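Working notes for the structure below.
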Number of protein chains: 2
Amino acid sequence: MTQVRNRRPTSPKQAAACCRPIDDRLDPGLFKALSDPTRVLLLACLAKCGRPSTVSEVAECCAVDLSVVSRHLALLADAGVLDARKEGRTVWYHVRYEEISQRLRALADAIEECVQTRARRSAGGTGCCPKTR
Amino acid sequence: MTQVRNRRPTSPKQAAACCRPIDDRLDPGLFKALSDPTRVLLLACLAKCGRPSTVSEVAECCAVDLSVVSRHLALLADAGVLDARKEGRTVWYHVRYEEISQRLRALADAIEECVQTRARRSAGGTGCCPKTR
DNA sequence: CGTATACTTGCATTATGACGCAAGTACGAA
DNA sequence: TTCGTACTTGCGTCATAATGCAAGTATACG
């Protein structure tokens with residue numbers, strides 16, 4: 001494939017060979033965690049409540065089985081959305097507010113960077129690095 | 001269920017009855033669109049390329065069938081991530097940079113609002129409205 | 001008109017994931 | 001050590017969705 005280094009890619013195919021902040025920030029893992037309605041409902045309840053809550057407490061928010069809630073919360077924690085702290089037999093989950101908002105803002109920045117790159121690039125920008133993954 | 005109006009919810013269950021900006025901004029539809037690796041790859045290529053591209057062009061970015069790419073792009077357009085413009089037999093897709101970054105920032109704001117609410121609330125805040133959906 | 005191009009749609013296959021139930025684990029209390 | 005609480009895990013079922021191929025539609029071009 002033609003390597004493009006110091007020019008903006010002129011086609012999507014060329015763009016595929018370029019790495020930009022958006023490549024790291026556009027993480028399907030995070031979005032997969034937020035793509036299920038039940039999970040999002042649980043997350044919203046936790047977020048609005050504001051304090052760490054147990055699995056049982058969160059399970060009262062909706063009609064699904066406790067085991068389902070347990071799995072959803074564990075998945076959200078895996079994705080970096082929640083933080084889990086075990087205390088005896090109870091587990092306290094709380095929202096990683098800063099983590100989430102920072103990741104979202106970083107992605108927003110990365111997306112806007114793609115627009116601004118055109119101007120910067122033509123003025124002698126940072127170039128397009130080869131894709132390494 | 002106990003309705004909580006002018007206090008911060010003290011449990012996730014109470015929180016479920018409260019509506020906040022996060023309820024509207026945490027839209028599973030958007031995240032579902034961004035949860036598939038192939039779709040994210042196509043989106044990144046389009047974003048980095050910067051100009052509107054055709055289905056065929058985008059399809060050169062990865063090894064999946066053209067029909068698959070066609071479906072992915074249509075889905076991303078449905079989710080508000082891409083904009084589609086038909087011109088003769090070709091369809092030009094381009095990234096809605098502003099739309100996406102604004103939605104992400106709005107969600108980041110809504111998440112942080114959940115943290116700040118505690119202080120505002122105890123000083124006589126806006127209250128907790130009943131859930132209407 | 002016929003043909004090529006650009007994309008979409010139907011359909012079957014396969015993979016992934018959500019869910020509930022039941023059983024299991026871990027911990028605390030009596 | 002026995003029981004109850006809090007959660008996790010195994011497993012079967014069902015629904016959703018990703019994919020490729022083939023056929024279909026729409027448009028341009030000669």
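The residue list A:C61, A:C19 contains one member that is away from DNA strand D (no atom under 14 Å from the Cβ) and in contact (Cβ under 8 Å) with a residue 12 or more places away in the chain, which is A:C19.
Does A:A77 count as more than 8 Å from DNA strand D (Cβ to nearest atom), surrounded by 23 or more Cβ atoms within 10 Å (Cβ to Cβ) and at negative phi? So A:A77 does not fit the description; no. Among residues belonging to the range B:90-114 that are of a type in the set (F, W, Y) and within 11 Å of DNA strand C (Cβ to nearest atom), point out the one that is farthest from A:R103 (Cα to Cα). Ranking the candidates gives B:W92 first. Restricting attention to the range B:35-75, the residues that are within 12 Å of chain A (Cβ to nearest Cβ) and in a helix (DSSP H, G or I) add up to 20. Would it be correct to say that A:L46 is buried (at least 17 other Cβ atoms within 10 Å of the Cβ), more than 13 Å from DNA strand C (Cβ to nearest atom) and closer than 24 Å to B:L107 by Cα? Taking the combined requirement at face value, the residue satisfies it.
Picking from residues in the range B:80-89 that are within 14 Å of chain A (Cβ to nearest Cβ) and surrounded by fewer than 18 Cβ atoms within 10 Å (Cβ to Cβ), the one that is farthest from DNA strand C (Cβ to nearest atom) is B:G80. If you go through the range A:90-112 and pick out every residue that is exposed (fewer than 15 other Cβ atoms within 10 Å of the Cβ) and β-branched (V, I, T), you end up with 1. Inspection of the range B:77-96 finds a residue satisfying the criterion of being among the polar types (S, T, N, Q), at pLDDT 95 or above and touching a strand residue (DSSP E or B) at 6+ places or on another chain (Cβ under 7 Å).
Condition first: more than 8 Å from chain A (Cβ to nearest Cβ), touching a helix residue (DSSP H, G or I) at 6+ places or on another chain (Cβ under 6 Å) and of a type in the set (A, V, I, L, M, F, W, C). Can you find one or more residues in the range B:95-107 that meet it? Checking the range B:95-107: at least one residue is more than 8 Å from chain A (Cβ to nearest Cβ), touching a helix residue (DSSP H, G or I) at 6+ places or on another chain (Cβ under 6 Å) and of a type in the set (A, V, I, L, M, F, W, C).
For the range B:65-79, a residue qualifies if it is within 10 Å of DNA strand C (Cβ to nearest atom) and small (G, A, S), and the qualifying residues are B:S67, B:S70, B:A74, B:A77.
The values are calculated or read from the model by the stated rules, or taken from the named source; none is laboratory data. Predicted model only: the values in this text are computed from it and were never measured. Positions of Cβ are backbone-derived with ideal geometry, glycine not excepted, and every protein chain shown enters the neighbour counts.
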